[in-house]
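S.K.: My questions all concern the structure below.
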Amino acid sequence: MSLSITRTSSLLLASALLLVASCDKGPSKDASKEAEVAAGKTAEPAAAPAVASGDAESKTYGAGVSQSETVSIADISKDPEAYEGKTVRVEGMVTDVCVKRGCWFEMAGNAPGEKMRFKVTDGEMVFPVDSKGKWAVAEGKLVTSKLTVEEARAQAEHLAQEAGQEFDPSTITEGIVSFQIAGTGAVIGDKK
């Protein structure tokens, strides 16, 4: 297996491992406020399309989105540590939503396998399951976690059990960096 496939697999696994986080965990209200206060600590942007504003089909959650420029999911996936602690705006098609409490959603990047998780503290925002297939513009602080091989295996095993799938621990051969957005606001609707 080539290094690029292993790295891509590791990044995909890192995104998937975030599913393991229980729905009662997420950024604290203080962390959300810190992200807003840290407005000067924003990531380098790359322009991208937005949700159609004023559209009866779009809905704003939390503080909404204040940044005008978008960082691509691909750029964050390539080097998540470069964006650690920075407030970023990302966009993508909603591919999954927490069915327990609506406390997170995942959105797809432009390339196959690119994903980004947007997580909030339970009850602060509730994302409906019917958001799947809609376009999301989301903003918050990027949080990364370094997982050892053992931690990555344990989380992957838990994820596989929840999905009713087989898990082979030998498929994880190195530690990974997982990442997600500690959300402060989002707009979900039709793509502009």
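S.K.: Checking the condition more than 20 Å from residue 82 (Cα to Cα) and crowded, with 21+ Cβ neighbours inside 10 Å, which residue from 185, 113, 133 passes?
M.R.: 185
S.K.: Name the residue that is nearest to the chain's Cα centre (by Cα), counting only residues in the range 137-169 that are free of Cβ contacts under 8 Å to residues at least 40 places away in the same chain and not in a helix (DSSP H, G or I).
M.R.: Restricting to residues being free of Cβ contacts under 8 Å to residues at least 40 places away in the same chain and not in a helix (DSSP H, G or I), the top hit is 145.
Conditions (1) in contact with an Asp or Glu (Cβ under 8 Å, 6 or more places away or on another chain); (2) acidic (Asp, Glu), marked per residue:
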{"site": "131", "(1), (2)": "no, no"}
{"site": "135", "(1), (2)": "yes, no"}
{"site": "144", "(1), (2)": "yes, no"}
{"site": "151", "(1), (2)": "no, yes"}
{"site": "156", "(1), (2)": "no, no"}
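S.K.: Could you list, in sequence order, the residues of the range 170-191 that are within 21 Å of the chain's Cα centre (by Cα) and not in a strand (DSSP E or B)?
M.R.: 175, 190
S.K.: To continue, here is another question. Across the range 116-130, what is the total count of residues that are crowded, with 16+ Cβ neighbours inside 10 Å and either within 19 Å of residue 86 (Cα to Cα) or of a type in the set (A, V, I, L, M) (or both)? It would help to see each step written out before you state the result.
M.R.: Going through the range 116-130, the residues crowded, with 16+ Cβ neighbours inside 10 Å turn out to be 116-122, 124-125, 127.
If we keep only those that are either within 19 Å of residue 86 (Cα to Cα) or of a type in the set (A, V, I, L, M) (or both) too, we end up with 116-121, 125.
So the answer is 7.
S.K.: Identify, by number, the condition in (1) surrounded by fewer than 20 Cβ atoms within 10 Å (Cβ to Cβ); (2) farther than 18 Å from residue 185 by Cβ that residue 64 doesn't meet.
M.R.: Tallying (1) surrounded by fewer than 20 Cβ atoms within 10 Å (Cβ to Cβ); (2) farther than 18 Å from residue 185 by Cβ, residue 64 fails exactly one: (2).
S.K.: Here's another thing I want to ask about it. Is it the case that the range 144-155 has a residue that's surrounded by fewer than 15 Cβ atoms within 10 Å (Cβ to Cβ) and small (Gly, Ala, Ser)?
M.R.: So in the range 144-155, the residues surrounded by fewer than 15 Cβ atoms within 10 Å (Cβ to Cβ) come out as 146, 148-150.
Retained after the next criterion (residues that are small (Gly, Ala, Ser)): none.
Within the range 144-155, not a single residue is surrounded by fewer than 15 Cβ atoms within 10 Å (Cβ to Cβ) and small (Gly, Ala, Ser).
Quick note: the coordinates plus some simple rules give every number you see, no bench work behind them. In this text, all values refer to a predicted model and were calculated from it rather than measured experimentally. So basically every Cβ, Gly included, is an ideal-geometry build from the backbone, and we count neighbours across all protein chains shown.
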